[in-house]
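Visitor: First the structure, then my questions, so here it is.
The values are calculated or read from the model by the stated rules, or taken from the named source; none is laboratory data. Quantities reported herein were computed from a predicted structural model and do not represent experimental measurements. Every residue, glycine among them, receives a Cβ derived from its backbone with ideal geometry; neighbour counts consider all protein chains shown. Quick note on the areas: whole protein, heavy atoms, side chains included, nothing else; ligands and nucleic acids left out. Shrake-Rupley method; radii C 1.70, N 1.55, O 1.52, S 1.80 Å.
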Amino acid sequence: LSLAAVAMTAQDCVTYFPSEVGTKVGYNYYSKPGKLEGSSILHVTDRKTEDGNLKLMINSTVFSAKEDTTISFDYAVWCDGDNFFIDTKSLLGSMNLTELGEFKITSTDMELPARMTPGQQLKDASFTLEMTSPIPVTMTSDITNRKVDALEKVTTPAGTFDCIKVSYDTFTKMAFIKTEGRTVEWYAADIGVVRSEYYDKKGKVTSIHELMYVKK
């Protein structure tokens, strides 16, 4: 009975990432429509059940627009049956972080209810990035006012997806530089982020993150 309960908890999970080992998901990043700034590939490297929780291991590789500079790192996403959790390191996949050198990350994980409905308020999250070379710098980012806005269809070069629209405010500090903005994301079950739009505090689009392909 215990084994059956564990299996049912894992099966009930709604993952907002691809859940099949070997799947690769590609993204492009634009500073404005049509202006390519970089790309990334997410690769599902492992899937397992730990204490009744479904856990996926993800490798992320980030490329510059010329694909001559990369950053690669690993992180985990998991589901406890009621909520889906994303290691906040995954946010690096939506940033133009090339030629950083060595870095260390501490974070609180981003939580998504397994079954989201418009109007839901979601928990805040945060992360700290410490770059140790070539010049030591610390960057912190707070993610607040997270909420589920709507259920919408979104079309990208990868296809058309039924998505959940989530938005949140961001406050980032690095040395003496502070930035505020708002992010809007569209998630599809078993795919993950289909599209993201990043706005500065004046409401101007500063970055677009778009799904290009899913390969299984």
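Visitor: Say whether the condition of being at pLDDT 95 or above and more than 18 Å from the chain's Cα centre (by Cα) is met by at least one residue in segment 158-169.
Guide: Filtering segment 158-169 for residues at pLDDT 95 or above gives 158-169.
Restricting the remaining residues to those that are more than 18 Å from the chain's Cα centre (by Cα) gives 159-160.
Yes, segment 158-169 contains at least one residue that is at pLDDT 95 or above and more than 18 Å from the chain's Cα centre (by Cα).
Visitor: Under 9 Å between Cβ atoms, at least 6 apart or on separate chains: pull out the pairs that start in segment 53-78 with a residue that is farther than 19 Å from Thr106 by Cα and of a type in the set (Gly, Ala, Ser) and end on any residue that is at pLDDT below 80 and assigned to a strand (DSSP E or B).
Guide: Partner pairs satisfying both residue conditions: Ser64/Thr70.
Visitor: Hey, among Val194, Val214, Val148, which residue is under 17 Å from Tyr30 (Cα atoms), part of a strand (DSSP E or B) and either open to solvent by 60 Å² or more (accessible area, probe 1.4 Å) or among the β-branched types (Val, Ile, Thr) (or both)?
Guide: Val194
Visitor: Another one. Does segment 197-210 contain at least one residue that is modelled with pLDDT of 95 or more, within 25 Å of Thr15 (Cβ to Cβ) and open to solvent by 40 Å² or more (accessible area, probe 1.4 Å)?
Guide: Within segment 197-210, none of the residues are modelled with pLDDT of 95 or more, within 25 Å of Thr15 (Cβ to Cβ) and open to solvent by 40 Å² or more (accessible area, probe 1.4 Å).
So that you can scan it fast, the table gives a plain yes or no per residue for (1) polar (S, T, N, Q); (2) closer than 21 Å to Lys123 by Cα; (3) at pLDDT below 95:
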{"site": "Thr140", "(1), (2), (3)": "yes, yes, yes"}
{"site": "Val148", "(1), (2), (3)": "no, yes, no"}
{"site": "Ile177", "(1), (2), (3)": "no, no, yes"}
{"site": "Glu180", "(1), (2), (3)": "no, yes, yes"}
{"site": "Ile191", "(1), (2), (3)": "no, no, yes"}
{"site": "Val214", "(1), (2), (3)": "no, no, no"}
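Visitor: On to the next question. Which of the residues that make up segment 108-127 are part of a strand (DSSP E or B) and open to solvent by less than 70 Å² (accessible area, probe 1.4 Å)?
Guide: Thr108, Met110, Glu111, Leu112, Pro113, Ala125, Ser126, Phe127
Visitor: Can you find, within segment 10-40, the residue that is nearest to the chain's Cα centre (by Cα) among those that are open to solvent by less than 50 Å² (accessible area, probe 1.4 Å) and of a type in the set (A, V, I, L, M)?
Guide: Checked segment 10-40; the qualifying residue nearest to the chain's Cα centre (by Cα) is Val25.
Visitor: State all residues of segment 128-145 that are over 16 Å from Phe176 (Cβ atoms) and in a loop (DSSP other than H, G, I, E, B); if no residue qualifies, say none.
Guide: Within segment 128-145, Thr132, Ser133, Pro134 meet the criteria.
Visitor: Condition test on Ser90, is it small (Gly, Ala, Ser), out of contact with any His (no Cβ under 6 Å at 6 or more places or on another chain), surrounded by 19 or more Cβ atoms within 10 Å (Cβ to Cβ) and at pLDDT 90 or above?
Guide: So Ser90 fails the test.
Visitor: What are the residues in segment 173-185 that are open to solvent by 30 Å² or more (accessible area, probe 1.4 Å), of a type in the set (Val, Ile, Thr) and in contact (Cβ under 8 Å) with a residue 12 or more places away in the chain, if any?
Guide: Filtering segment 173-185 for residues open to solvent by 30 Å² or more (accessible area, probe 1.4 Å) gives 173-180, 182.
Next cut, of a type in the set (Val, Ile, Thr) only: 177, 179.
If the condition is that a residue be open to solvent by 30 Å² or more (accessible area, probe 1.4 Å), of a type in the set (Val, Ile, Thr) and in contact (Cβ under 8 Å) with a residue 12 or more places away in the chain, then Thr179 is the only one that fits.
Visitor: Okay, next question. Do we find that Ala150 is in contact with a helix residue (DSSP H, G or I) (Cβ under 7 Å, 6 or more places away or on another chain) and not aromatic (Phe, Trp, Tyr) in this structure?
Guide: On the way: in contact with a helix residue (DSSP H, G or I) (Cβ under 7 Å, 6 or more places away or on another chain): no; not aromatic (Phe, Trp, Tyr): yes.
So Ala150 fails the test.
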